[in-house]
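Q: Have a look at the structure that comes next, please.
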Amino acid sequence: MEKVATIRGKIKAISISKERGTQKDNVPAAELKVGFGIVGDAHAGNRHRQVSLLGQESIEKMRAKGADVSAGDFAENITTEGIGLAALAIGSKLRLGADAEVEITQFGKKCHSGCVIFQQVDDCIMPREGVFAKVTKPGRVKPGDTIEVLPTND
């Protein structure tokens, strides 16, 4: 059976950090810049992993295992809700809020050694369910904004 992504979801939280290797803090809004990522985030830059996304549903899986975690704790920039990130494909495009758009470039990543979350429950969901994207259209986003999977041009 083929996975089909939910067409619409919402932004649950937006998180940034000033330095790499530190926990991200939730912010009330963020500016996405083409070819860069989120203005003010230490992980932004001209690379294929400009913005990271993780579903609230993934965070809930970790809570069910006993991890004391919330939005931003996995170093994700955008915590989503109801979008079905795992059902997307590399190259899928998402509209965030009214204007911003991102293109999925990578699924998962190698976990940092000594990850605090892994130490809590001997597991971490980000390497399996985290998604990375590059910004293709600029815009301002905030929690509560809609996320829409855009149709592909196939």
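Since every read-out is calculated from the coordinates, none of them should be taken as a lab result. Small disclaimer: the values here were computed from a predicted structure and weren't measured. So basically every Cβ, Gly included, is an ideal-geometry build from the backbone, and we count neighbours across all protein chains shown.
Q: Amide H neighbours of D145 under 5 Å, at least 5 residues apart or on other chains, H built in the peptide plane: list them.
A: I11
Q: Give me the extension gain from K61 to Q23: residue separation times 0.36 nm, minus the current Cα-Cα distance, reported in nm with one decimal.
A: Gain on extension, K61 to Q23, equals 11.7 nm.
Q: Then there's this: Quick one: of K33/K142; K12/K61; K33/K93; K65/K142; K33/K137; K10/K142, which pairs are farther than 19 Å apart, Cα to Cα?
A: Checking Cα-Cα distances, K65/K142 exceed 19 Å.
Q: If you take the Cα atoms of segment 8-149, find Rg, then find the Kirkwood Rh from the mean of 1/r over all pairs, what is Rg/Rh?
A: Ratio of gyration radius to Kirkwood radius: 0.93.
Q: Here's another thing I want to ask about it. Once you place label points 7 Å from the Cα toward the Cβ at D68 and R140, how far apart are they in nm?
A: 3.6
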